[in-house]
Amino acid sequence: MKIERIETFLVPPRWLFCRVQTDEGLVGWGEPVVEGRAEVVRAAVDVLAEYLIGEDPLRIEHHWQVLTKGGFYRGGPVLSSAVAGIDQALWDIAGKAYGAPVHALLGGPLRDRARVYAWVGGDDPSEIADGVTAHVEAGMTAVKMNASGRLSPVPTPAEVDAIVERVAAARAALGDHRDVAIDMHGRASLPAARIILPAVAPLRPLLVEEPLVPEQTHLLGDLVRSVPFPVATGERLYDRAGFLPALQAGVAVVQPDLSHAGGISEVRRIASLAETYGALFAPHCPLGPIALAASLQVAFATPNFLIQEQSMGIHYHRGSADLLDYVADPAPLRIVDGHIARNDAPGLGITIDEQAVRRASEHAWRNPVWRHDDGSFAEW
């Protein structure tokens, strides 16, 4: 069997899909994207495709090594995301070729279902109580919310109080038997994080995500030691080497993204590395159905899995396509009682509606650029 053709599709709201076709008719799908830079990743996939055409798709590890190391300049979000989507598609083909789900190829399932969480509140969080209540009524057992919108370098008491009030509203709606995760989104300076994290501690969050930007991973140790709840990071780390200093700093939860951190092949290794540090695994995935399906395959086969992000109803999709719009059958991704059940369909376990993908209009999504009141750049 040989790889015959590789195509990419920019599909709304902000995704990039990759289709890998073989000469025997098997097709695999992946999701290689950097949100806001999808066209750049698409170009990277085109370059990597030059090597892959004519190759055996089942030599997944060999291809991963060549694609990540075959160029003198390595790493970074664009290359690792391009490789990630191709890697997902090759695992999808392998599962279909062997007649088995990817989790079976990874050693077999450890669980029957994967716990997931839902988003509330948007980029500048508001209407938290109503949003959380709706998710609770739908059976969700966990939500995640941004702590704040734009944040001052040293937040005022009013800013800190507003964060605490929002998290308290979520906790009140959730009760004590469900969980709230807080996403700092890298918006906090080190002084801000030192103020905010102790303030929210009494509300017992499941985790606080990305309290600092990834460039400041070396500063995480003091924060980890100063709060009594799990600190998580990883959506903007792209390989094992990037996660090592975070784990050495004591983060309790790693959050690699299957569409950014080298795909299934690398993320399963990141999860294993985290396990040696006693850290849990909660894949980042505010993306589309292929990325979620790939994440779930790893989750089903990973012992230190905690919880899975998913994007149904997320604020990025409002007025555009949603998670299930490009799948032929939504059942494999259906959420019941806050979980997605394992299925044993070959490959990634979903069927992409190829006609819907080909009909979709292309997008040029860009993340917003925020500024402080004085006109200087603010982290989004």
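The values are calculated or read from the model by the stated rules, or taken from the named source; none is laboratory data. As the structure is a prediction and not an experimental result, all values here were calculated from the model. When we count neighbours, we look across all protein chains shown, and the Cβ atoms used for this are built from the backbone with ideal geometry, even at glycine. Ligands, DNA and RNA are excluded from the accessible area calculation, which covers all protein heavy atoms including side chains. Shrake-Rupley method; radii C 1.70, N 1.55, O 1.52, S 1.80 Å.
Carbon and sulfur atoms: what percent of the 1.4 Å accessible area of the chain do they account for?
Heavy-atom surface of the chain belonging to carbon and sulfur, 1.4 Å probe: 52 percent.
Can you tally the net charge around His372? Count Lys and Arg as +1, Asp and Glu as -1, for every other residue whose Cβ sits under 15 Å from the Cβ of His372.
Residues near His372 contribute -2 overall.
Using amide H atoms built 1.01 Å from N in the peptide plane, name the residues 5+ places from Arg5, or on other chains, whose amide H lies under 5 Å from its own.
Residues meeting the criterion, in which the H sits 1.01 Å from N, are Gln21.
Pull up the cross-link candidates among the lysines for Lys2, meaning alpha carbon to alpha carbon under 29 Å and not fewer than 8 places away within one chain.
Within the straight-line cut-off, Lys2 pairs with Lys69, Lys96.
Determine the dipole magnitude for the stretch 127-266: charges of +1 sit on the beta-carbon of Lys and Arg, -1 on that of Asp and Glu, nothing else is charged, the reference point is the Cα centre, and the result goes in debye to the nearest 20.
280 debye
With the other protein chains left in place, how much accessible area per residue, in square angstrom, belongs to the chain at a 1.4 angstrom probe?
39 Å²
How long, wide and thick is the stretch 243-380, going by the Cα atoms along their three principal axes, in whole angstroms, largest first?
51, 46, 29
Using only Cα atoms and rounding to the nearest 10 degrees, what angle (0 to 90) does helix 157-174 make with the longest principal axis of the chain?
Helix 157-174 sits at roughly 60 degrees to that axis.
Quick one: angle between helix 263-276 and the longest Cα principal axis of the chain, in degrees between 0 and 90, rounded to 10, please.
It works out to around 50 degrees.
Quick check on the stretch 1-93: take the gyration tensor over C-alpha atoms, sort the square-rooted eigenvalues as a ≥ b ≥ c, and tell me if it's rounded (a/c under 1.5), prolate or oblate.
It comes out oblate by the Cα gyration axes.
Order of 240-247, 19-26, 66-73 by packing, highest average Cβ count within 10 Å first?
Highest to lowest by the protection proxy: 240-247, 19-26, 66-73.
If amide hydrogens are placed 1.01 Å from N in the peptide plane, which non-local residues have theirs closer than 5 Å to the one on Trp119?
Sorted by chain and number, the residues that satisfy this are Lys144.
Which residues' amide hydrogens lie under 5 Å from the amide hydrogen of Asp183, considering only partners 5 or more residues apart or on another chain, with H built in the peptide plane?
The answer is Met145, Asn146, Ala147, Glu209.
How would the stretch 53-143 be classified by its alpha-carbon gyration tensor: rounded, prolate or oblate, with rounded meaning a/c under 1.5 and the a/b versus b/c comparison settling the rest?
Oblate, because a/c is 1.5 or more while a/b does not exceed b/c.
For Ala134 paired with Glu275, estimate the spin-label separation in nm (one decimal), with each label point 7 Å from Cα along the Cα-to-Cβ line.
The two pseudo-label positions are separated by 3.8 nm.
Over all pairs of distinct alpha carbons, what does the Kirkwood formula give as the hydrodynamic radius of the stretch 118-263, in Å?
It is 15.5 Å.
How large is ³J(HN,Hα), in whole Hz, for each residue of the stretch 51-66 in order, when computed from phi with the Karplus curve 6.51 cos²θ - 1.76 cosθ + 1.60 and θ = phi - 60°, using x for Gly and Pro?
For the stretch 51-66, the Karplus curve yields 6, 7, 4, x, 8, 6, x, 7, 8, 4, 5, 4, 5, 4, 4, 5 Hz.
Is the stretch 86-189 best put as rounded, prolate or oblate by its Cα gyration tensor, with a ≥ b ≥ c the root eigenvalues, rounded for a/c under 1.5, and otherwise prolate when a/b is larger than b/c, oblate when not?
prolate
Can you give me the pair-distance distribution of the stretch 266-343, C-alpha pairs, 5 Å bins, whole percents?
Pair shares across the bins are 3, 15, 25, 23, 15, 11, 6, 2, 0.
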